[in-house]
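S.K.: Pasting in a structure now, in structure tokens, and then I'll have a few things to ask.
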Amino acid sequence: MDKETDVSNPLLQDWETPFEVPPFDRIGDGDFRPAVEAALEEARAEVDRIAGSEEPATFANTVVALEEADETLSRVLGAFYTLLGADSTPERQALAREFSPMLSAYGSDVALNEALFARIEAVWEAREELELNEQDARLLYLTRRSFVRSGAQLEGIAKDRLRQVSERLSGLGVDFTQNLLADERDWQMVLDERDLEGLPDFVVDGARAAGEERGTGAPTITLSRSLIVPFLQFSPRRDLREAAHRAWAARGANGGETDNRAIAAEILELREERAGLLGYDSFAEFKLETQMAKTPEAVRELLMKVWRPARAAAEEDGLRLAAMMHNDGVNGDLEPWDWRFYSERRRAEEHDLDDAQLKPYLQLERMIEAAFDCANRLYGIELTPVEVPLYHPDVRAWEVTRDGRHLGLFLADYFARGGKRSGAWCSAMRDQKGEVRPVVVNVCNFAKPPAGRPALLSYDDARTLFHEFGHALHQLLSEVKYASMSGTSVARDFVELPSQLFEHWLEVPEVLTRFATHVETGEAMPDEMRDRVIAASTFDMGFQTVEYLGSAIVDLEFHAGEAPPDPMEMQAEVLEELGMPKAIGMRHPTPAFAHVFAGDGYSAGYYSYMWSEVMDADAFEAFREADDPFDDTIAARLEREILSVGGTRDEAESYVAFRGAMPGVEPLLKGRGLSEG
């Protein structure tokens with residue numbers, strides 16, 4: 001690529017934008033390929049320089065230099081993958097398919113570079129004489145560990161095969177994601193006015209808005225979770241609920257070009273091979289070695305401790321719901337498309353509460369204010385709206401400061417739309433390191449209201465908003481030396497602790513009283529309704545826990561032994577052995593299980609949410625024991641020992657420094673309203 005092209009590409013220029021955000025107003029899709037190629041060329045040249053240096057290997061000229069070798073590449077990819085997840089187009093999907101093998105090859109070339117690893121080993125062998133500080137020593141340890149686990153000590157055919165496996169896995173993950181997005185994008189159920197009977201206004205509004213976006217000219221149900229779940233909760237039409245649920249459960253398993261079942265089987269086979277090449281008995285053993293859990297046995301023990309009381313609660317609830325259904329004159333078994341409908345009715349009866357009553361008090365704008373206010377009271381931070389180049393009109397930006405010091409930029413993209421993958425997530429377009437502050441993005445899929453109407457959330461939506469902002473705080477409050485250890489760069493079964501912990505503040509009575517105000521009257525949520533909301537927080541927890549655990553246990557068993565030739569058959573066998581209630585399915589059926597098959601992030605690690613919940617339930621007890629959810633001393637200790645330190649030390653050490661000891665499962669069971677018996 002010639003120099004003139006480099007200079008003209010906005011991705012490769014200095015970003016003279018506010019807070020040095022990507023200049024989305026000047027970036028075109030045609031800029032990404034040349035930018036990635038140039039950045040890869042630059043990174044490769046720097047790696048070659050480090051590996052080929054004739055100077056003796058030192059911590060600075062080898063480990064730190066390698067840490068900084070791909071800064072341009074990270075910057076370009078931060079912008080690209082933000083767009084790919086939140087505002088995908090066929091052009092961007094095609095680019096992702098092109099980039100996948102290129103990036104995988106680069107990663108393998110670095111990890112399997114013998115000269116480079118020899119220099120890292122030389123620094124490692126001399127570590128006792130180097131007098132490294134804690135963060136420097138941790139970076140050296142993590143860098144060497146990463147190389148070893150990526151095959152640096154392999155030789156010959158094994159090394160070549162590992163490279164092939166890694167590149168193939170990278171491409172399969174992209175294919176899995178794009179197939180799932182295609183199924184979610186292509187399915188819709190157009191309703192006529194009669195089909196809207198019994199639906200609350202917010203569901204009708206969401207369906208009309210979806211119809212406008214898709215150009216159907218009529219109310220439309222899509223596979224956006226923020227629309228299909230309330231439809232399943234409120235539609236009295238069992239036939240329509242069945243059609244919607246079957247489409248939701250069948251994502252990635254509809255046959256044809258977007259079917260993910262064969263992809264999942266190949267991914268599992270290749271992961272097993274990868275683990276074997278590296279000397280492990282299973283992929284789960286390989287993956288869990290660096291996590292807090294350490295072993296598949298430890299994970300299985302935790303999950304089964306929770307499974308037994310959760311299934312008992314779900315089965316008891318299922319009998320009640322089936323009786324309600326039979327009283328309606330519907331014969332036969334309770335089915336998955338019935339559970340949410342009758343559970344919502346039961347909640348309305350037992351707690352005098354349903355989403356239709358609750359949503360007018362949960363305005364998106366007020367819930368954003370609530371999350372920001374809690375962060376201010378806990379950590380003293382301020383969030384101020386700012387104007388910066390953004391990738392979509394729905395995205396908003398705030399500068400984050402404390403006592404006048406810039407801590408980072410927070411972007412939020414809350415509404416569902418075509419081209420955005422499902423779910424909710426937090427990512428960073430720039431990581432914190434030293435005085436460099438992060439650019440953090442929260443992405444959600446809340447139903448967008450009709451033009452001119454305020455956005456209303458379900459309670460689950462509000463919890464999601466708090467959850468993702470908890471991840472953002474982990475990034476924004478980070479104070480570490482190196483980007484690879486900052487913010488959420490921690491063990492997978494620790495990363496959900498800050499996010500799940502922050503959810504607890506949504507249920508603090510004074511927070512709901514102040515910020516849950518009626519969309520029309522402006523009046524605060526009545527105390528008795530607020531108390532019912534909090535009391536109902538564990539309602540249907542058997543269902544929610546069993547639904548989650550089904551996915552977590554299947555994920556573990558997929559990876560804990562030989563790869564199954566037919567993952568769907570193994571899924572059925574595992575669920576049957578567990579005694580999964582017929583009316584409850586996995587939260588993420590295998591062909592749609594993006595956490596596990598879109599990449600390695602949560603593979604053999606979907607249990608992480610529950611492992612972290614054991615800690616978050618115990619961590620919030622510290623504030624309860626102080627009788628103050630905003631206790632300054634405890635909040636300062638939480639920031640000092642967990643939120644600010646990233647991956648600079650062992651995660652168990654960080655937790656014990658905050659709480660004094662690792663917790664048992666009891667606080668989790670108590671928090672979910674379950675008993676261990």
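S.K.: Within the set of pairs 6 or more residues apart or between chains, which connect a residue that is acidic (Asp, Glu) inside segment 238-263 to a residue that is part of a loop (DSSP other than H, G, I, E, B) and open to solvent by less than 70 Å² (accessible area, probe 1.4 Å) with Cβ atoms less than 8 Å apart?
M.R.: These pairs meet every condition: 242/335; 259/252; 259/253.
S.K.: What's the total number of residues in segment 20-57 that are open to solvent by less than 60 Å² (accessible area, probe 1.4 Å) and touching a residue at least 24 places away in the same chain (Cβ under 8 Å)?
M.R.: 21
S.K.: Regarding segment 424-447, can at least one residue be identified that is farther than 26 Å from residue 80 by Cβ and part of a helix (DSSP H, G or I)? Talk me through it step by step, then tell me what you get.
M.R.: Within segment 424-447, the subset farther than 26 Å from residue 80 by Cβ is 447.
From what is left, the residues that are part of a helix (DSSP H, G or I) are none.
No, the conditions are met nowhere in segment 424-447.
S.K.: State all residues of segment 616-662 that are part of a loop (DSSP other than H, G, I, E, B), among the hydrophobic types (A, V, I, L, M, F, W, C) and either free of Cβ contacts under 8 Å to residues at least 60 places away in the same chain or open to solvent by 20 Å² or more (accessible area, probe 1.4 Å) (or both); if no residue qualifies, say none. Working first, answer last.
M.R.: Of the residues in segment 616-662, the ones part of a loop (DSSP other than H, G, I, E, B) are 626-631, 644-650, 660-662.
Imposing the further condition that a residue be among the hydrophobic types (A, V, I, L, M, F, W, C) reduces the set to 626, 630, 645, 661-662.
Passing the criteria: 626, 645, 661, 662.
S.K.: Here are some conditions: (1) touching a residue at least 60 places away in the same chain (Cβ under 8 Å); (2) out of contact with any helix residue (DSSP H, G or I) (no Cβ under 7 Å at 6 or more places or on another chain); (3) open to solvent by 10 Å² or more (accessible area, probe 1.4 Å). Residue 451 meets all but one. Which one does it not meet?
M.R.: For residue 451, the failing item is (1).
S.K.: Select, from 151, 173, the only residue that is buried (at least 17 other Cβ atoms within 10 Å of the Cβ), not aliphatic (A, V, I, L, M) and not in a helix (DSSP H, G or I).
M.R.: On the way: 173 fails: not in a helix (DSSP H, G or I).
Testing whether each residue is buried (at least 17 other Cβ atoms within 10 Å of the Cβ), not aliphatic (A, V, I, L, M) and not in a helix (DSSP H, G or I) leaves just 151.
S.K.: Does residue 334 fit the bill of being out of contact with any Pro (no Cβ under 7 Å at 6 or more places or on another chain), outside any helix (DSSP H, G or I), farther than 30 Å from residue 452 by Cβ and aliphatic (A, V, I, L, M)?
M.R.: Working: out of contact with any Pro (no Cβ under 7 Å at 6 or more places or on another chain): yes; outside any helix (DSSP H, G or I): yes; farther than 30 Å from residue 452 by Cβ: yes; aliphatic (A, V, I, L, M): yes.
When the stated conditions are applied, residue 334 passes them.
S.K.: Further, regarding this structure: Output the residues belonging to segment 159-170 that are open to solvent by 30 Å² or more (accessible area, probe 1.4 Å) and in contact with a helix residue (DSSP H, G or I) (Cβ under 8 Å, 6 or more places away or on another chain). Before you say what the answer is, go through the steps one by one.
M.R.: The initial filter retains those residues of segment 159-170 that are open to solvent by 30 Å² or more (accessible area, probe 1.4 Å), namely 160-161, 163-164, 166-168, 170.
Correct list: 161, 163, 166, 167, 168, 170.
S.K.: Right, residue 510: out of contact with any Asp or Glu (no Cβ under 7 Å at 6 or more places or on another chain) and not in a helix (DSSP H, G or I) or not? So that I can check it myself, show each step before the final result.
M.R.: On the way: out of contact with any Asp or Glu (no Cβ under 7 Å at 6 or more places or on another chain): yes; not in a helix (DSSP H, G or I): no.
No; evaluated as a whole, the condition is false for this residue.
S.K.: If you don't mind, another one. If I ask for residues that are open to solvent by 20 Å² or more (accessible area, probe 1.4 Å) and in a loop (DSSP other than H, G, I, E, B), which ones from segment 368-387 would you list?
M.R.: 380, 386, 387
S.K.: Continuing with the same structure: Report, by residue number, each residue of segment 88-112 that is open to solvent by 30 Å² or more (accessible area, probe 1.4 Å) and touching a residue at least 24 places away in the same chain (Cβ under 8 Å).
M.R.: Here is the first cut: in segment 88-112, the ones open to solvent by 30 Å² or more (accessible area, probe 1.4 Å) are 89-92, 94, 97-98, 101-103, 107, 109.
Within segment 88-112, 89, 91, 92, 97, 98, 101, 102, 103, 107, 109 qualify.
Every residue, every condition in (1) touching a strand residue (DSSP E or B) at 6+ places or on another chain (Cβ under 9 Å); (2) open to solvent by less than 50 Å² (accessible area, probe 1.4 Å); (3) without any contact (Cβ under 8 Å) to a residue 12 or more places away in the chain; (4) closer than 30 Å to residue 284 by Cβ, yes or no:
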site	(1), (2), (3), (4)
447	yes, yes, no, no
465	yes, yes, no, no
470	yes, yes, no, yes
486	yes, yes, no, yes
496	no, yes, no, yes
500	no, yes, no, yes
509	no, no, no, no
530	yes, yes, no, no
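S.K.: While we're here: For the condition open to solvent by 20 Å² or more (accessible area, probe 1.4 Å), assigned to a helix (DSSP H, G or I), in contact with a helix residue (DSSP H, G or I) (Cβ under 9 Å, 6 or more places away or on another chain) and modelled with pLDDT under 95, what is the one hit in 676, 613?
M.R.: 613
S.K.: Additional query: Would you call residue 82 open to solvent by less than 30 Å² (accessible area, probe 1.4 Å), more than 30 Å from residue 133 (Cβ to Cβ) and in a helix (DSSP H, G or I)?
M.R.: Values: open to solvent by less than 30 Å² (accessible area, probe 1.4 Å): yes; more than 30 Å from residue 133 (Cβ to Cβ): yes; in a helix (DSSP H, G or I): yes.
Yes: the conditions hold for residue 82.
S.K.: Moving to a separate point now. Looking at segment 144-176 only, could you name the residues that are β-branched (Val, Ile, Thr) and touching a Ser or Thr at 6+ places or on another chain (Cβ under 8 Å)? Steps first, please.
M.R.: Residues of segment 144-176 β-branched (Val, Ile, Thr): 148, 157, 165, 174.
If the condition is that a residue be β-branched (Val, Ile, Thr) and touching a Ser or Thr at 6+ places or on another chain (Cβ under 8 Å), then 174 is the only one that fits.
S.K.: For segment 511-528, how many residues meet the condition of being open to solvent by 40 Å² or more (accessible area, probe 1.4 Å) and either under 12 Å from residue 366 (Cα atoms) or under 26 Å from the mean Cα position of the chain (by Cα) (or both)?
M.R.: Residues of segment 511-528 that are open to solvent by 40 Å² or more (accessible area, probe 1.4 Å), as a first pass: 513-514, 519-524, 526-528.
Going one step further and asking which of them are either under 12 Å from residue 366 (Cα atoms) or under 26 Å from the mean Cα position of the chain (by Cα) (or both), we end up with 513-514, 519, 522, 524.
The qualifying residues number 5.
S.K.: I'm trying to understand the selection: among the residues of segment 58-71, which are under 20 Å from residue 129 (Cβ atoms) and open to solvent by 40 Å² or more (accessible area, probe 1.4 Å)?
M.R.: Of everything in segment 58-71, those that are under 20 Å from residue 129 (Cβ atoms) and open to solvent by 40 Å² or more (accessible area, probe 1.4 Å) turn out to be 58, 60.
S.K.: Is it the case that segment 185-202 has a residue that's more than 30 Å from residue 457 (Cα to Cα) and open to solvent by less than 20 Å² (accessible area, probe 1.4 Å)? Write out each step before concluding.
M.R.: Start the filter on segment 185-202 by keeping residues that are more than 30 Å from residue 457 (Cα to Cα), which leaves none.
No, that holds for no residue.
S.K.: Could you tell me which residue of segment 113-133 is most open to solvent (accessible area, probe 1.4 Å), considering only residues that are closer than 15 Å to residue 162 by Cβ and in a helix (DSSP H, G or I)? First the steps, then the outcome.
M.R.: From segment 113-133, those closer than 15 Å to residue 162 by Cβ are 113-114, 117; that's our starting set.
With the extra rule that they be in a helix (DSSP H, G or I), the set shrinks to 114, 117.
On the way: 114: 129, 117: 21 Å².
Per the criteria, the residue is 114.
The values are calculated or read from the model by the stated rules, or taken from the named source; none is laboratory data. Predicted model only: the values in this text are computed from it and were never measured. Note that each Cβ is placed from the backbone with ideal geometry, even for glycine, and that neighbours are counted across all protein chains shown. Only protein heavy atoms, including side chains, enter the accessible area calculation; ligands, DNA and RNA are left aside. Shrake-Rupley method; radii C 1.70, N 1.55, O 1.52, S 1.80 Å.
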